[in-house]
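Shown next, in C-alpha cells, is the structure this report addresses.
The values are calculated or read from the model by the stated rules, or taken from the named source; none is laboratory data. What you are looking at is a predicted structure, and each value in this text was computed from that prediction instead of being measured. Glycine gets a Cβ as well: all are built from the backbone with ideal geometry, and neighbour counts include every protein chain shown.
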Amino acid sequence: MAVLRMRYLGDPVLRVEAEEIDTIGDDLRALARDMFDTMYAEDGVGLAGPQVGVGRRIIVVDPREDGVQPLALINPEVVSESDEIDRAEEGCLSIPGLRELVDRRAAVVVEATDLEGEPVRLEAGGLLARILQHEIDHLDGVLFLDRVSPLKRKMLLKKWEKMQADAPKAGA
Ligand code: NI
C-alpha cells in the first residue's frame, strides 16, 4: 500500500495537459494500485494522474455503488454524450473544502484501455457519468472551478485563499 502525495490547487501540474500513455506494463499497474490506495485514503470517488503529480492519462474511479466495479482507465475519452444536462454538487480532492453545483452531461460513452491493454467501452449515467467527466477534465488541465459561473468561481477562490491563509495545504 502506498499513498501518493496529493497535489492541490495552485500546483502547476493540475493545469498541464496530461500525456497519452503508449506502454501498459507493471510500472503502470503499480501506479494504478497506488492511485486506488490514495483515492481510498482520501475518501474520494475518483482520482486522475495529475492529482498525484503524474502528467499521464490515467484515472481511477469508484462511485461505491452496488453493481459498479472500481475502474482504472488508460487514455479515457468521451466519445458521445447526452443532450440532457444534470446539475449536482461536486468537489475535488485537489481543492478540499470547496463544493459547488456543476452542470455535466447526464450520460456519456467513454472509451479507454484497461490495465491489461484491452479496449474498454463504458456507457455511464448518474454519478459514474459525472465522475468520469470530472476525472477526464483533470487530464486536460481543467478543474470543476472552470465549469461554474465567473462570479461563483471568484467566491470559491476567495474562500480557498482564506482557507490557505488559515491552514495551508502542503504544495499549494
Ligand atoms: Ni478532481
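Mind listing whichever residues of the stretch 106-125 are of a type outside the set (Gly, Ala, Ser) and free of Cβ contacts under 8 Å to residues at least 60 places away in the same chain?
Filtering the stretch 106-125 down to residues of a type outside the set (Gly, Ala, Ser) leaves 108-111, 113-116, 118-123.
Result: Val108, Val109, Val110, Glu111, Asp114, Glu118, Pro119, Val120, Arg121, Leu122, Glu123.
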**Fill in**
Exception for Arg104 within (1) modelled with pLDDT of 95 or more; (2) of a type outside the set (A, V, I, L, M, F, W, C); (3) closer than 30 Å to Asp166 by Cα falls at (3)
**Message:** Among the residues of the stretch 10-24, are any touching a Leu at 6+ places or on another chain (Cβ under 7 Å) and among the small types (Gly, Ala, Ser)?
**Reply:** yes
**Message:** Suppose we filter Asp103, Asp83 for residues that are touching a residue at least 40 places away in the same chain (Cβ under 8 Å), more than 30 Å from Ala30 (Cα to Cα) and either more than 14 Å from the ligand (Cβ to nearest atom) or of a type in the set (S, T, N, Q) (or both); which single one remains?
**Reply:** Asp103
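Give Leu132, Leu156, Leu143, Leu122 a once-over and let me know the one that is more than 15 Å from the ligand (Cβ to nearest atom) and either more than 23 Å from Pro12 (Cβ to Cβ) or surrounded by 12 or more Cβ atoms within 10 Å (Cβ to Cβ) (or both).
Working: Leu132 fails: more than 15 Å from the ligand (Cβ to nearest atom); Leu156 fails: more than 15 Å from the ligand (Cβ to nearest atom); Leu143 fails: more than 15 Å from the ligand (Cβ to nearest atom).
Of Leu132, Leu156, Leu143, Leu122, the one residue that is more than 15 Å from the ligand (Cβ to nearest atom) and either more than 23 Å from Pro12 (Cβ to Cβ) or surrounded by 12 or more Cβ atoms within 10 Å (Cβ to Cβ) (or both) is Leu122.
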**Item:** Which numbered condition Glu116 misses (of (1) farther than 26 Å from Ile21 by Cα; (2) more than 16 Å from the ligand (Cβ to nearest atom))
**Value:** (1)
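Regarding the stretch 108-118, can at least one residue be identified that is among the charged types (D, E, K, R), farther than 18 Å from Leu143 by Cβ, exposed (fewer than 14 other Cβ atoms within 10 Å of the Cβ) and modelled with pLDDT of 95 or more?
Narrowing the stretch 108-118 to residues among the charged types (D, E, K, R): 111, 114, 116, 118.
Imposing the further condition that a residue be farther than 18 Å from Leu143 by Cβ reduces the set to 111, 114, 116, 118.
This time we only want the ones that are exposed (fewer than 14 other Cβ atoms within 10 Å of the Cβ), so: 116, 118.
In the following step, the residues that additionally are modelled with pLDDT of 95 or more were identified as 116, 118.
Yes, the stretch 108-118 has at least one match.
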**Complete:** Output for Cβ contacts, cut-off 9 Å, separation at least six or different chains, first residue part of a helix (DSSP H, G or I) in the stretch 130-155, second aromatic (Phe, Trp, Tyr) and near the ligand (Cβ under 10 Å from one of its atoms), reads His134/Phe144; Asp137/Phe144
**Prompt:** Does Leu71 satisfy being under 16 Å from the mean Cα position of the chain (by Cα) and more than 25 Å from Gly125 (Cα to Cα)?
**Reply:** no
**Complete:** Contact list, first residue from the stretch 1-14 and β-branched (Val, Ile, Thr), second anywhere and modelled with pLDDT of 95 or more and in a loop (DSSP other than H, G, I, E, B), beta-carbon distance below 8 Å, six or more apart or interchain, is Val13/Arg7; Val13/Gly53; Val13/Gly55
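For the stretch 86-100, give me the residue count where each residue is outside any strand (DSSP E or B), more than 8 Å from the ligand (Cβ to nearest atom) and without any contact (Cβ under 8 Å) to a residue 60 or more places away in the chain.
At the first step, the residues of the stretch 86-100 found to be outside any strand (DSSP E or B) are 91-99.
The next check asks that each one be more than 8 Å from the ligand (Cβ to nearest atom); those that pass are 96-99.
From what's left, without any contact (Cβ under 8 Å) to a residue 60 or more places away in the chain: 99.
The total comes to 1.
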